[in-house]
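What follows draws every value from the coordinates through simple rules; no lab data is involved. None of these values were measured; they are calculated from a predicted model. Counting neighbours? That spans all protein chains shown, and the Cβs are built from the backbone with ideal geometry, glycine included.
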Amino acid sequence: MARTFTATLQPLDTTIPDPALIVLIGAAGSGKSTFASTWAPSQVLELDAFRAMVSDEAGDQAATADAVAALRTVLEARLTRKKTTVVDATHCERAVRAGLVQAARRHGVPTVSVLMGTPVSLCVIRQTARTSDRAVPADTVRAQHTAAVTAFPGLRGEGFDHVVFADQLHRLEPLLQRASDARRADLGWDGNPGLGPLLLVRRVFGDAVLPLWRWVEGSTLAGGDRVAEITLGADRLQLALRTDIDGEGDYGFDLLTACPVDDECTAPAWTPAHSVTTLLDALTGALNDTDTVCTVHGDDQDDQDDDLEDLAAPYADAVHA
């Protein structure tokens, strides 16, 4: 659907062919990565991600040349296969855009420039929420914004087949469609088994532990509650699925740990595992055992503290006698 941008009277359209090379143009903080996420992850080449691949730091500007080289290699492979590809970078330099247009032409793939219309003031403000290695100086952001605005009238002349403003595109539907498909697959509504009891595991601990998770059928370790293990190499954690926490029917997990009362006790002790951080703390010795309950000693740490307080006065008297 053709539209007219009244400030320049240049025709704008919302055409994005498939396949196409889609080049996002905008200053840091203009929302390019958010917009790019409306395409499938495999279709998006993000410069920051390539910086991280070659240097372990997405904000390492010294790694830009190597990151660009790696990105271009992947881009050429995708264009050879006529695959729609979104390139997520500022693209404020004409020479950079020219290289992308030439690559697409070599492979007969249409080009689309998508301009981010975010106000420069908002782009600058968004830098404050970024980590120090990702934040871009305000003067640099302003320069990028100016360059993008200046580039707009000449994008057709640079060879782009379509010039589009991001706020003219309807990209929510494909994003929601992928999210819906993924959710249906998780629930088994697409005819596959789905995650089943692993849905709760993902909700509590995230995706990273799913391949490591194994239910231990028939285990009596947790007094009849279902037991699971997370294993990787020499590391092993055991957990229990509780289905009636505090007698209120809530679900959650307990992690098997050491007795907090008696170092010599070998009875099972359990501590609530609220997130993957609990698992990390257990492995690193940083676990706070305040809520840990031993199956033999219970949670009588408070009683121990009371006993120590009761002994404190006689001990002080003896010392000063």
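What is the distance, in nm, between label points placed 7 Å from the Cα along the Cα-to-Cβ direction at THR128 and at LEU210?
Output for this residue pair reads 3.8 nm.
Through the Karplus equation 6.51 cos²θ - 1.76 cosθ + 1.60, θ set to phi - 60°, convert the phi angles of the stretch 168-184 into ³J(HN,Hα) values in whole Hz; use x for Gly and Pro.
So the J values, rounded to whole Hz, are 9, 9, 9, 10, 5, 4, x, 5, 5, 5, 5, 5, 5, 4, 5, 5, 4.
Non-local amide H neighbours of VAL86 (under 5 Å, H modeled in plane, Pro and chain starts lacking H): which ones?
The answer is ILE22, VAL44, LEU45.
Under a point spin-label approximation (7 Å from Cα along Cα-to-Cβ), what is the ARG105-LEU283 distance to one decimal in nm?
5.2
Given bins 5 angstrom wide, list per bin the percent of all Cα-Cα distances in the stretch 231-281, short to long.
Calculated over all Cα pairs of the stretch 231-281, the distribution is 5, 17, 24, 22, 20, 9, 3, 0 percent.
Would the stretch 3-178 count as rounded, prolate or oblate if I go by the C-alpha gyration tensor, calling it rounded below 1.5 in a/c and otherwise prolate when a/b exceeds b/c, oblate otherwise?
rounded
So what's the angle, to the nearest 10 degrees on a 0 to 90 scale, between helix 64-80 and the longest Cα principal axis of the chain?
70
Return the FRET efficiency for the residue pair ARG156, MET53: r is the Cβ-Cβ distance, R0 is 35 Å, and the value is rounded to the nearest 0.05.
About 0.55, to the nearest 0.05.
In nm², what is the average projected area of the convex hull enclosing the Cα atoms of the chain?
Values: hull surface 107.3 nm².
It is 26.8 nm².
I need the calculated FRET efficiency for the pair GLN168 and ALA65, taking r as the beta carbon distance and R₀ as 30 Å, to the nearest 0.05.
With a Förster radius of 30 Å, E is 0.35.
Calculated FRET efficiency, THR34 and GLU264, Cβ-Cβ r, R0 41 Å, to nearest 0.05? Can you show the working numbers first?
Numbers: r = 55 Å, r/R0 = 1.35.
After rounding, the FRET efficiency stands at 0.15.
About the Cα centre of the stretch 198-305, how large is the charge dipole given +1 on each Lys and Arg Cβ and -1 on each Asp and Glu Cβ? Please answer in debye to the nearest 20.
Numbers: 6 positive and 21 negative charges, 179 e Å.
With Lys and Arg at +1 and Asp and Glu at -1, about 860 debye.
For the stretch 198-305, what is the convex hull volume of its Cα atoms per residue in Å³?
Cα-based convex hull of the stretch 198-305, divided per residue, equals 118 Å³.
Mind listing which GluC sites (Glu not before Pro) in the stretch 189-262 are in a DSSP loop and have 13 or fewer other Cβ atoms within 10 Å?
Passing sites in the stretch 189-262 are GLU217, GLU248.
Can you put HIS170, HIS91 in order of Cβ neighbours within 10 angstrom, beginning with the fewest?
The most exposed by this proxy come first: HIS170, HIS91.
Lone cysteines in the chain, defined as no other cysteine's Cβ under 4.7 Å from theirs: which are they?
CYS92, CYS123
Considering only the other residues whose Cβ falls under 15 Å of the Cβ of THR278, what net charge follows from Lys and Arg at +1 and Asp and Glu at -1?
So the surrounding residues net to -3.
Rounded to the nearest 500 deg cm²/dmol, what is the calculated helix-only ellipticity per residue at 222 nm for the chain, with -39500 (n - 2.57) per DSSP H run of length n ≥ 4?
On the way: 10 runs with 119 residues, N = 321.
Mean residue ellipticity, 222 nm, calculated: -11500 deg cm²/dmol.
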